[in-house]
Amino acid sequence: MREIVVFSLLNGAVYGLLLFMLSSGLTLIFSMMGVLNFAHASVFMLGAYLSWQISRWIGFWPALVVAPLLCGLVGAAIERYGLARVHRLGHVAEILFTFGLAYVIGELVIMAWGRNPIENRVPASIDFAAFRIYGTSYPFYKVLMTMISVGMFAFLWLAFKRTRVGLVIQAALTHPRMVSALGHDVPRLFVLVFAIGSALAGLAGVIGGFALLTEPNMAAALGPIVFVVIVVGGLGSIPGAFIASMLIGVVQTFAVAVDYSLADLLRALGMGLPPGSALREMLAIKLSQAAPLIPYLLLVLMLIVRPRGLMGTRDT
Amino acid sequence: MPSALAAPRPEPAPVALELSGVHKSFGATPIIRGVSLAIPRGERHAIIGPNGAGKSTLFNLVSGRIAPTRGSIRLEGAEIAGEAPYRIARRGLSRSFQVTNIFPRLTVYENVRCGVLWPLGCGYDFLRRCDRLRDVAERAERVLGQIRLADRRDTLAGVLTYAEQRALEIGIAIAGDARVILLDEPTAGMSRHETENAVELIRSVTEGRTLVMVEHDMGVVFGLADRISVLVYGEIVASDAPARIRENEAVRAAYLGDADA
Amino acid sequence: MTKGATRPAWWVGAAALLAVLPWVPGLQSDFGRSLLSQMGIAAVFALSYNLLLGQTGLLSFGHAVYFGLGGYAAIHLLRAVNGGWPIPVPLVPLAGAAAGLGFGIVFGALTTRRGGTIFALITLGVGELVRAASLMLPSFFGGEEGVTASRTEAPRWLGLDFGSQLQVYYLIAAWLFVAAILIHAFMRTPVGRLCNAVRDNPERVEFVGYDPRRVRFIAFSVAAAFAGLAGGLHAINYEIVTGEAVGATRSGAVLLMVYIGGVHHFVGAVLGAAAITWLQVSLSDYTSAWLLYLGLIFMGMVAFVPGGLAGLAMIHLSALRTRAVAAIARSYLLALPFALATLAGAATLIEIAYRRSTQPEAGALMTLFWIPMDTAKPWPWIGAAGVLALGAAALARIRPRVAAAWERAAEEIHAHA
């Protein structure tokens with residue numbers, strides 16, 4: 001029993017950190033540009049694929065650096081040649097542009113690597129046990145993932161609070177013309193922000209590609225959960241995204257380990273089941289089966305109880 | 001600071017709008033530092049002051065856009081501080097905006113009509129055709145005439161000239177026959193001629209109503225106002241009849257300057 | 001809202017068009033009528049989404065929830081009819097509408113408290129929630145295989161048994177007509193006018209005495225009802241409803257339809273529904289890259305043609321009346337061959353890349369644009385890239401001419417305004 005708890009906690013934390021890596025880059029772009037980047041999870045997927053491809057050519061550790069850089073360049077290109085034209089059309093147009101982009105990147109990935117999952121196995125250089133608990137070894141790559149996400153958190157906090165560029169970018173969000181009049185190149189700032197956000201997504205993809213199945217549906221599977229994270233955490237808040245990611249990661253991982261249903265609970269309490277096949281059906285669902293629902297149930301709960309999220313700062 | 005009551009009147013008119021000890025801070029920064037003001041029914045009251053004094057903030061507090069940190073705001077005796085804007089509007093207070101805040105993709109006529117719907121009892125009606133409602137149409141047409149935009153009736157509001165949009169801005173505010181009207185810099189950016197028209201318009205449409213106006217154009221202020229309050233750094237430093245404000249030493253020093261106002 | 005649409009003549013014309021379509025040469029086959037039926041269902045769905053996005057400014061990524069739940073409700077009712085309930089088939093879609101309305105009210109109360117970006121994300125979450133739940137409740141959702149029913153095992157209605165695709169098409173067309181009239185009428189009620197006001201300036205709406213959240217809630221519920229109606233028609237047409245009916249793909253599809261068709265115009269929804277349905281059905285036969293093309297078209301529209309197909313048509317119609325129309329037509333004619341070359345070059349590159357990555361077993365030889373190619377060799381790649389580059393370069397040279405012609409047209413139009 002203790003084993004299950006400890007491993008669920010560890011794995012849940014790792015999953016939560018993966019969600020955080022994704023949601024932090026998304027929050028960065030949203031906070032600083034007001035753009036909700038639907039294609040963020042797609043860049044994450046691109047990072048996973050690119051890192052696999054580059055690893056095959058020049059090894060894993062170089063890929064860890066090159067893949068995110070490439071993703072950053074892709075992000076810069078998206079903003080410079082695409083999104084920049086759309087800003088003046090309003091937020092809805094921006095969201096829709098990135099929505100279409102998500103489809104397009106997904107298809108480009110299929111075009112390059114096919115529709116089937118690729119064998120993205122943990123490379124030999126990091127495929128060893130970090131430590132052993134209760135007789136089972138805990139893989140090093142998950143520790144690496146933790147280190148990288150902590151590094152990301154620190155980087156973002158510094159970028160937001162401590163650098164001049166961060167302050168300038170925040171100012172540019174609400175008063176772009178004033179910032180421009182002060183001599184800053186606002187379009188270039190936006191390109192920089194988008195590039196950094198995309199590079200973070202790509203970095204998450206390098207590691208995430210091992211934890212998850214690397215296949216063209218990756219983005220669509222993880223994307224909605226990342227959006228739930230930022231709504232639950234509060235739009236625009238990095239600490240909120242962290243808390244929400246960990247919450248969802250840990251709760252969902254625990255749920256998968258629980259093979260009991262509400263019906264079992266009722267039986268254990270000595271109560272009978274109510275009649276009606278639909279109701280019985282709902283009560284018979286095991287928590288492990290219902291695990292995929294958890295992020296969305298949390299979203300609904302948050303909307304009822306505290307619509308602006310755990311630590312929300314921005315309004316729409 | 002002196003309590004802002006006018007010289008004694010023969011019989012006390014009911015107070016349309018009363019602010020008592022209103023404070024507003026954004027975070028640690030106080031913007032409105034204890035404003036108390038009583039505006040009797042039917043008065044045309046102007047609020048003037050240097051930029052950054054908090055005039056628009058005051059309007060936002062009264063109209064419900066933001067809630068005061070402290071203090072009370074009473075509309076015709078009823079407490080409205082912190083209430084949602086739509087509830088305050090339903091009680092008979094309407095406002096215009098300094099930055100034009102119209103419905104750009106609706107026609108001029110429809111813009112005005114939006115201001116008419118609730119006061120005429122339409123509520124959330126989804127069964128009757130708006131065009132068929134005679135009293136709504138009549139009122140909207142009348143207001144359209146008053147703001148002299150009848151010939152632009154079917155133009156999309158977004159393509160109007162600036163002065164026309166300002167007129168429409170006022171039109172939406174008065175369409176609902178509100179008893180208390182707040183106009184935020186109604187003549188901002190207008191030429192001399194346009195300003196004269198606007199003043200005439202404001203004078204005619206606020207006949208018998210309570211008007212509170214923020215303005216920078218002293219010609220407009222002294223031409224229209226029954227009483228003027230001067231807001232400096234979130235406090236009212238003077239509140240009196242126009243002639244006495246013009247002579248007030250402190251006001252001249254802080255705002256009007258010694259060149260003629 | 002176009003003024004012309006309020007004239008009765010337009011409605012009569014539309015009804016006549018709907019009546020005549022299945023007899024048009026080329027559409028007289030079962031396949032053609034099936035295509036028309038699909039377009040009709042999509043049109044009802046798109047009209048409901050236009051109410052949400054185009055008229056009230058609410059961007060939803062999960063509108064298929066109400067379509068699908070309506071479809072499920074209708075198909076369960078149809079099963080009951082198969083079992084003996086005396087309800088005529090033409091009334092079955094009403095169950096869909098009722099279910100759509102019910103769920104719209106329940107979910108709408110939660111989701112419409114906020115607008116804008118947060119609302120969009122919430123609809124995404126609710127959509128995923130329902131989709132995930134659909135896999136867990138087999139008695140309502142039917143599990144992987146879905147729920148089936150028969151539209152012919154029902155009491156005859158005016159002698160019709162709805163066995164033939166033609167009869168089903170007329171049923172769909174009739175409901176489409178009714179839905180269009182109802183939605184159009186709704187937009188002209190006080191609440192409908194307020195929907196437009198909320199879209200344009202939700203803040204000012206508060207200052208004229210209305211709660212924008214309440215307006216959004218009403219719009220949301222009405223849109224959900226019509227989406228459910230479309231779902232009911234879908235249930236009758238296919239006689240099966242599966243989990244994809246509530247899924248993200250379907251939500252994305254209706255968004256594409258309405259935006260590409262023209263989000264500002266009522267008729268844009270119908271245009272977009274017809275165009276995207278046709279693309280989905282026919283393009284997927286020719287190429288496995290059709291989703292890529294669709295995505296690129298969508299992105300292009302968002303960035304360069306925000307008015308959609310309907311907006312494009314209107315601009316060209318108003319340009320027809322100017323003297324610059326000849327210059328415009330000439331510049332188009334000049335650009336046409338180069339545009340085709342650019343598209344052909346790009347399409348070739350895309351197609352051969354797809355062939356090599358997704359269908360390696362089909363071999364390296366393929367025929368594109370009537371030219372046989374060996375995709376294993378470099379020359380198809382080089383040739384296609386070359387054609388693409390030349391075409392794009394030529395277009396870049398011609399672009400100023402097109403822009404100049406349009407500027408002249410715009411000046412004339414403004415002068416007459």
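For region A:152-285, the fraction of C-alpha pairs more than 17 angstrom apart is 74%.
Using θ = phi - 60° in the Karplus curve 6.51 cos²θ - 1.76 cosθ + 1.60, the 3J(HN,Hα) couplings for region C:37-51 round to 4, 4, 5, x, 4, 4, 5, 4, 4, 5, 4, 5, 6, 4, 4 Hz; x is entered for Gly and Pro. For the Cα trace of chain C, dividing Rg by the Kirkwood Rh returns an Rg/Rh value of 1.01.
Taken residue by residue and averaged, Cβ atoms of other chains lying within 10 Å of the Cβ of B:153-159 number 1.
Between B:Ala238 and B:Val230, the built amide H atoms are under 5 Å apart, and every one of these is 5 or more places off in sequence or on another chain. Among all helices in chain A defined by DSSP H, which have a length of 27 Å or more along the axis from Cα atoms plus a Kyte-Doolittle mean of at least 0.5? Those that clear 27 Å and a mean of 0.5 are A:2-33, A:91-113, A:140-161, A:186-211, A:238-257.
Please give the length that would be gained between B:Thr161 and B:Asn51 if that part of the chain were fully extended, namely 0.36 nm times their separation in residues minus their C-alpha to C-alpha distance (nm, one decimal).
That works out to 37.0 nm of additional length.
According to the Kirkwood relation over distinct C-alpha pairs, the hydrodynamic radius of chain A is 20.9 Å. How charged is the neighbourhood of A:Val191? Take every other residue with its Cβ under 12 Å from the Cβ of A:Val191, and add Lys/Arg as +1 and Asp/Glu as -1. Surrounding charge for A:Val191 is 0. Could you state the angle between the C-alpha long axis of helix C:308-320 and the longest principal axis of the C-alpha atoms of chain C, as a value from 0 to 90 degrees rounded to the nearest 10? For C:308-320 against chain C, the angle is about 60 degrees.
Which of these, B:Phe126, B:Phe222, B:Phe59, has the largest mean-square fluctuation under a Gaussian network model of chain B (Cα springs below 10 Å)? Result: B:Phe126 has the largest fluctuation of those listed. For A:Val258, which sequence-distant residues (separation of 5 or more, or a different chain) have an amide H within less than 5 Å of its own amide H, given hydrogens modelled in the peptide plane? Amide H neighbours of A:Val258, under 5 Å, 5+ apart: A:Ser288.
How tilted is helix B:162-175 with respect to the longest principal axis of chain B? Cα atoms for both, answer in degrees (0 to 90, nearest 10). It is inclined by approximately 90 degrees. Among A:Ser24, B:Ser239, C:Ser282, the ranking by other beta carbons within 10 Å of each residue's beta carbon, starting with the fewest, stands as C:Ser282, B:Ser239, A:Ser24.
For B:Arg70, the residues whose modelled amide H falls within less than 5 Å of its own, excluding neighbours fewer than 5 places apart on the same chain, are B:His23. By the rule of a C-alpha distance below 15 Å, with chain neighbours fewer than 8 residues away ignored, the aspartates and glutamates paired with B:Lys55 are B:Asp184, B:Glu185, B:Glu215, B:Asp217, B:Glu235. Ignoring lysines fewer than eight residues from A:Lys286 along the same chain, none have Cα atoms less than 24 angstrom from its Cα. Take each residue in B:117-125, count the other chain C-beta atoms within 10 Å of its C-beta, and the mean is 5.
With the helix formula -39500 (n - 2.57) applied to DSSP H stretches of n ≥ 4, the protein assembly as shown reaches a computed 222 nm mean residue ellipticity of -19500 deg cm²/dmol. Which angle from 0 to 90°, rounded to the nearest 10, does the C-alpha axis of helix B:134-146 make with the longest principal axis of chain B? Taking Cα atoms only, the helix is inclined about 50 degrees. Of C:Val402, C:Val267, B:Val212, the sequence from fewest to most neighbouring Cβ atoms within 10 angstrom is C:Val402, C:Val267, B:Val212.
Averaged across the residues of C:296-308, what count of C-beta atoms belonging to other chains lies within 10 Å of each residue's C-beta?
5
Taking only the C-alpha atoms of region C:265-364, Rg followed by Dmax gives 17.1, 56 Å.
Counting only residues at least eight positions apart within a chain, or on another chain, the aspartates and glutamates with an alpha carbon under 19 Å from that of A:Lys142 are A:Glu3, A:Glu119, A:Asp127. Sorted largest first, the principal axis extents computed over the alpha-carbon atoms of the protein assembly as shown equal 97, 77, 75 Å.
For region A:43-196, the gyration tensor built on C-alpha atoms gives an oblate shape. Its axis ratio a/c (a ≥ b ≥ c) is at least 1.5, and a/b is not larger than b/c.
Apply the a/c threshold of 1.5 to the C-alpha gyration tensor of region C:1-93 and tell me whether it is rounded, prolate or oblate. Before the final figure, lay out the partial values.
On the way: a/c = 1.88, a/b = 1.15, b/c = 1.64.
It is oblate, given that a/c is not under 1.5 and a/b is not larger than b/c.
Taking the beta-carbon count within 10 Å as an exposure proxy, list C:Tyr286, A:Tyr103, C:Tyr66 from fewest neighbours to most.
Details: C:Tyr286 9, A:Tyr103 23, C:Tyr66 36.
Taking fewest neighbouring Cβ atoms as first place, the list is C:Tyr286, A:Tyr103, C:Tyr66.
Can you tell me how region C:98-241 classifies by the Cα gyration tensor, rounded, prolate or oblate, using a/c under 1.5 as the rounded cut? Because a/c hits 1.5 or more and a/b fails to exceed b/c, region C:98-241 counts as oblate.
Rule-based calculations on the coordinates, nothing more; no lab input. What you see is a predicted model; the values in this text were computed from it and never measured. Cβ atoms come from the backbone with ideal geometry, glycine included; neighbour counts cover every protein chain shown.
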